[in-house]
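Undergrad: Here it is, the structure in full.
The values are calculated or read from the model by the stated rules, or taken from the named source; none is laboratory data. Because the structure is predicted, anything quoted here is derived from the model rather than measured. Virtual Cβ from ideal backbone geometry, glycine too; neighbours counted across all protein chains shown.
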């Protein structure tokens, strides 16, 4: 399972990096979304993998095992903030397209570089 | 407190002269003088303590964990230097009042001067290595301002820049040295560092640390080969030279040698480096001083030479040598400051500083000439002045030191030669200027200057005579405490005297004087030799060349990396990261951890396969944007499944609802952007990016693998234990969010709110024309009836679900974030199915208000705990039983927690933030769709 998680994160990063390196804002945004997925998942996984449990206390039972709740809490807010970041970049892209007349990441003339 | 005031007074008081200049030049000078005098008096109030052998100190801790504090101490050494800085500072303030002309902005001059004074006081009184360094760099900066004071002179600007580059660069080396020193000693506290000398000297990092620290000291004190900046700094107004280049700035380097003497001195390396550099500087600069035609140039090289003398003494490393070093610091400050001021007077009254043009000024300026004569005699080491005593003692130390085994006569020979040149240039300074036939072609008719300019010189010269005649009375006590602090040990007061009897040093002195007179008479041989056949490399040209090459190199490097292409920057960034992360794997430093692995089941394998193909699919299909977004959404959904399986139900709920709003957002954006990406990248670039992507993916996979297979030590046990008894909830993730780490969450919802407002602002400025706004006739678009009806039915159900998720959040998966996202999704669905106009009419219009309400609710919950005397955001909860007996058992206990209020704030902020982003984008969608159709009609 560790290998699946690690490679899953790796593939998302690889695809994300490839997209971020493209020349159009929309591709960059898709790449950022993928990188965000990967980062959140990686952050969560740093609490190590536990199958079929929940970080919900069963009061009075000392024998229950729990997953690590802290990375989960961190990842939860990271997911929400990640959305806000994507939304911001999207609007930035829209604004750039509307003001500059092109969606190339380097603005007008970017294709020539 | 007094110590802090002494340093702060000039720093803050720097504003006063700049302000008072509006009432006149005298007022400005008075303000500067008053500030200096006040600091001086405060310093003197510490004198009884210092002379009793106590060390007044004070510290304000700042970052104690890494040893940073603003600490000051006034031991004998610090006191002596502070005395020189403030005492001579006071004289310079007076002198500058008469020296500066009407055209010079005097307020600014005094402002800079006081800033420099404060920085210098900080250096000599600091009790923390890092604080010392900060003040050290401040002296470099403020001296830059002072040297470049005459902005209209190119020499001034260039000299200031050179001084800044050399001394600032040395300061950086010193920073590295100090960090090593702090690391070795285990503290940055200077007074503690000074006591761990044995530990420091035997440490393996001693050599690199020493070299770095000495780089700082040598650049500041203009030691060979860093001496070249000092003569060029002579472009400064003379009061600046008299202050910075006799008593303060350049003395900071030798101060550092004295300060760290107990910690660093006494090793072979110290001896050879410090004595070697010092002796080389001493001789070389004394020779150059003789052949300079500029009065201040001569004095500059003479200063370099005398600093070399002091450096040599500290290098010798014995307690007696250190004592003589401290003594010569005092003496040099007195005679050199007066000579600089004297040179300034000559320049001021005759209009030139060229020794070849000046001659026979005695008749016109007898007082100036008399004072110059005594100060120069002191500099040359002629009895009965103070310079003679310290020079005799210096000669004695060099005879003792031996220097190189086998050639014990080498160091005494060097210093005798240097003494010889020193006598020669001192004679030239006085004889060529004040005696001989009166000069005829002077720019101005010379006469003695106003009393205010003579007084500071006179006071300093009087000190030279008094210390020379009665050394124990006028220098003894100060020298004793300063030396005691320098060597860091008990110190037998040493009796100073003018007459040491007939011995080797006296013979050396006699040789130096006799040879000096001959050398003066033969000076034109040296000058012609130098100007004709032996052009030594001009340091300024080398320096300028080096600076030019460095600048050209920087331009080339910047230009080749920064061509304005985001793609190139990112490729470089990713490339460097791949190499940096990949390196430890390739060298075998990182590998599989010792932890076991968890078993794989078929379902996980399927989810993994779908996720991986969808992620790759997004990259492959990115030219067709709509399809790419849909494929991307598959990745998010698979992640949600993975979260469920990997024991994170809260994350699964969050992920799935964020997924919905993200995809809606991306679809909205797609409506306004081209639907396809052009295939414009060259094959080479695609191959390069593919390589980078594979490298990054492989690197992250390896990194994740190492981490996941390494057992964890977590701090979460505390959270698990305390969640129910301490936080009142069983869902630990939610308790962490709203209680344990509530402050983080508070910050995060504020970020969300700011992002929402930022988006609103950017969209607002897109300039949506009014007629396309909501409610206008153009907004009447038909929406699919079936979708509209179903979503309206779904809305209450969805809201109910979100309420349920919210209320149970403290104990079961759910909570403010998730409930807020679900509500947002439910409302977005209405916008999608029924149109913005319809929905806006029926729901909240003003999301800003709701965002503010949410942040305020969360903040108020946090503040509420203050009312009960607890820190910000302390959680509170209790259980209640409804006292009605007959329904009691049916409902049972219920819980009230302050965390619920906080969670309401989170909920409101999330709902309003998400809606603010999406709905505003929907508005431009309407506008642009409508404008497209309007264009079509037109």
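Undergrad: Of all residues in region B:196-209, how many are crowded, with 16+ Cβ neighbours inside 10 Å and either assigned by TED's automatic domain parsing to the domain that holds residue B:75 or part of a helix (DSSP H, G or I) (or both)?
TA: Residues in region B:196-209 being crowded, with 16+ Cβ neighbours inside 10 Å and either assigned by TED's automatic domain parsing to the domain that holds residue B:75 or part of a helix (DSSP H, G or I) (or both): 6 in total.
Undergrad: Here's something else I'd like to know. For region A:58-97, which residues satisfy the criterion of being surrounded by fewer than 23 Cβ atoms within 10 Å (Cβ to Cβ) and not in a helix (DSSP H, G or I)?
TA: Passing the criteria: A:58, A:59, A:60, A:61, A:62, A:63, A:64, A:65, A:66.
Undergrad: Further, regarding this structure: Taking the conditions exactly as written (outside the structural domain of residue B:477 (by TED's automatic domain parsing) and under 30 Å from residue B:189 (Cα atoms)), does residue B:28 satisfy them or not?
TA: no
Undergrad: Test residue A:60 against the stated conditions and say whether it is touching a helix residue (DSSP H, G or I) at 6+ places or on another chain (Cβ under 8 Å) and more than 7 Å from every other protein chain (Cβ to nearest Cβ).
TA: no
Undergrad: Can you tell me how many residues in region B:711-749 are assigned to a loop (DSSP other than H, G, I, E, B) and within 9 Å of chain A (Cβ to nearest Cβ)?
TA: 7
Undergrad: Is one or more of the residues making up region B:137-153 touching a residue at least 24 places away in the same chain (Cβ under 8 Å) and within 17 Å of residue B:257 (Cβ to Cβ)?
TA: Yes: one or more hits.
Undergrad: Quick check, is residue B:695 more than 30 Å from residue A:61 (Cα to Cα), more than 8 Å from chain A (Cβ to nearest Cβ) and in contact (Cβ under 8 Å) with a residue 60 or more places away in the chain?
TA: Spelling it out, residue B:695 is indeed more than 30 Å from residue A:61 (Cα to Cα), more than 8 Å from chain A (Cβ to nearest Cβ) and in contact (Cβ under 8 Å) with a residue 60 or more places away in the chain.
Undergrad: For region B:385-470, which fully contained helices (runs of 4 or more DSSP H) count at least 3 residues that are within 26 Å of residue B:353 (Cβ to Cβ)?
TA: Result: B:410-434, B:451-469.
Undergrad: Can you report the number of residues in region B:793-810 which are out of contact with any helix residue (DSSP H, G or I) (no Cβ under 8 Å at 6 or more places or on another chain) and over 16 Å from residue B:908 (Cα atoms)?
TA: 4
Undergrad: Have a look at B:473, B:466 and point out the one that is out of contact with any helix residue (DSSP H, G or I) (no Cβ under 6 Å at 6 or more places or on another chain) and surrounded by fewer than 23 Cβ atoms within 10 Å (Cβ to Cβ).
TA: One residue alone meets the criteria, B:473.
Undergrad: Yes or no: region B:824-843 includes at least one residue that is under 47 Å from the mean Cα position of the chain (by Cα), assigned to a helix (DSSP H, G or I) and in the same structural domain as residue B:795 (by TED's automatic domain parsing).
TA: yes
Undergrad: Taking only pairs six or more apart or across chains, which ones have beta-carbon atoms under 7 Å, a first residue in region B:663-681 that is within 9 Å of chain A (Cβ to nearest Cβ), and a second residue that is in a strand (DSSP E or B) and at pLDDT 85 or above?
TA: B:677/A:24
Undergrad: Determine if region B:633-648 includes at least one residue that is over 44 Å from the mean Cα position of the chain (by Cα), not assigned by TED's automatic domain parsing to the domain that holds residue B:809 and not in a helix (DSSP H, G or I).
TA: Checking region B:633-648: at least one residue is over 44 Å from the mean Cα position of the chain (by Cα), not assigned by TED's automatic domain parsing to the domain that holds residue B:809 and not in a helix (DSSP H, G or I).
Undergrad: Just checking: which of the helices (runs of 4 or more DSSP H) contained wholly in region B:43-142 hold 3 or more residues that are assigned by TED's automatic domain parsing to the domain that holds residue B:28, out of contact with any helix residue (DSSP H, G or I) (no Cβ under 7 Å at 6 or more places or on another chain) and farther than 24 Å from residue B:14 by Cβ?
TA: The qualifying helices (runs of 4 or more DSSP H) are B:47-51.
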